[in-house]
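The values are calculated or read from the model by the stated rules, or taken from the named source; none is laboratory data. As the structure is a prediction and not an experimental result, all values here were calculated from the model. Backbone-built Cβ (ideal geometry, glycine too); neighbour counts: all protein chains shown. What goes into the accessible areas is simple: the full protein's heavy atoms, side chains included, and nothing from ligands, DNA or RNA. Shrake-Rupley method; radii C 1.70, N 1.55, O 1.52, S 1.80 Å.
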Amino acid sequence: MTKDNPRAGIWLMIAATFVFAAQDGISRHLADTYNVFMIVMVRYWFILLVLMAVSRVRSGSLFGDARTTQPFFQFFRGIVLAVEILVTILSFTLLGLIEAHAIFAVYPLLIAALSGPVLKESVGWRRWAAIGVGFIGMLIILQPGVKVFSPLSLVSFAGALLFALYHLLTRMAAAKDSAETSFFWTAISGFIVMSAIGPFFWEPMLPEDQIWMAVLCVTGALGHYLLIKAYEMAQASVVQPFAFMQLVFVSFIGVLVFGEHLPFSTAFGAAVIVAAGLFTLWRENRARKAALRAKAQAGTTGT
C-alpha cells in the first residue's frame, strides 16, 4: 500500500499504543496471580495460530511465510523478544505499570546508542547528547526512594535493552527477509522456547481469568496488526513519535485501575526521556532526508 495518508497512519499508531497499553494492564493483572511463563506461552500459541492462518491465505501454505535463508539468525532474534516479554511483564509486577514503562521508554535511545557498534552506523555528537539527556531523565525517575540501585529498576531497564537489541536485529534481518517472514519467525521462536518451558509452570485459571487471557491474546494480535497498518499508511518517521502515547495510556491505566501513584519525579523524568527520544527521531528523519536529497542531486548531475 502506498504511504500517502499520514493522518490515518498517526491515528492507527495511537490506536496501536492504546491496545498495547491495555495489553500491558491485562498482563500485569494476570501476572499478579499466575506464573509469567504460562501467560507468555499461551500468548505465543495464539499468535502462531493466527499467523499460520494468515500465511495459508497469503501463500497457500501454513508455513509459507516462514521461508528464509537465515533461520538461525531469525530464531535467535525471536528468542531475544521472548525473553524481553518475560522480563518486561515481570517488571510490571515488581515496579508497577507507570514506573516500569517510564524506564522502558528509554529503549529508542538505546537503539540509537547501539546502532553504532551493532549496525556500524555513524552516531554524531547530537545523538549522543540526546542519549545522555535521556539517561538523565531515567535517573530523575529512579532518584527518589531506595529503588535507585535496586535490582527492581534494573529489571525494567533490562527489558528496554533487550527490546532495543530486538529492533536492531530486526533491521539486520530486513536485509534478506520481508516483514511478514520476520514476524512469522518471531512467533515460531517464541512458541518453541515457551512451549519447552511454560508447561512446567502450568496453573489452572479461574473462569474470569480465562476470559482475560483470551482478551490478552486478541489484543496482542490486534496491536501488531494496527502497528503494521500504521507503517503501511505513513512513513515511520511520521508515526513513530506517537508511539510514546503508550506511556500516557499506561499511566492512566496504572492510576485508575491499579491505584498507582504518579510522582512528579516520574512524570518529569519520563517527559525528559520522551523529549530526548523525539529529538533523536527528528535528527534521524532530517539526516535521511538530507541523504535522499544528496542522492537525487547526484543523479541529476550524472544525467
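Alpha carbon centre of the range 158-184 versus the range 186-251: separation in Å? Going from one Cα centre to the other spans 16 Å.
When Cα Rg over 2.2 N^0.38 Å is calculated for this entry, the matching label among [x] 0.91; [y] 0.96; [z] 1.03 is [z]. For the chain, the tally of Lys pairs with Cα-Cα distances below 20 Å comes to 4, considering only residues 8 or more apart or on different chains. Ranking 128, 210, 87 by how far each Cα lies toward the positive end of the dipole of the chain (charges on Cβ) leaves 128 at the top. A 1.4 Å probe over all protein chains sorts 32, 24 by accessible area into 32, 24, starting with the largest. What figure, in Å² to the nearest 10, do you get for the accessible area of residue 202 with a 1.4 Å probe and non-protein molecules left out? Here the accessible area works out near 140 Å².
With all protein chains in place and ligands, DNA and RNA left out, the 1.4 Å accessible area ranks 68, 186 as 68, 186, largest first.
Taking the average, over residues, of other Cβ atoms within 10 Å as the packing measure, peptides 164-174, 251-261, 99-109 rank 99-109, 164-174, 251-261 from highest down. Once C-alpha pairs closer than 8 Å and six or more residues apart are averaged by separation and normalised to the residue number of the chain, the relative contact order reads 41 percent.
Only helices at least 15 Å long along their axis, Cα-based, and averaging 1.6 or more on Kyte-Doolittle count here, so list those DSSP H runs from the chain. Both cut-offs are met by 36-59, 71-95, 107-119, 245-256.
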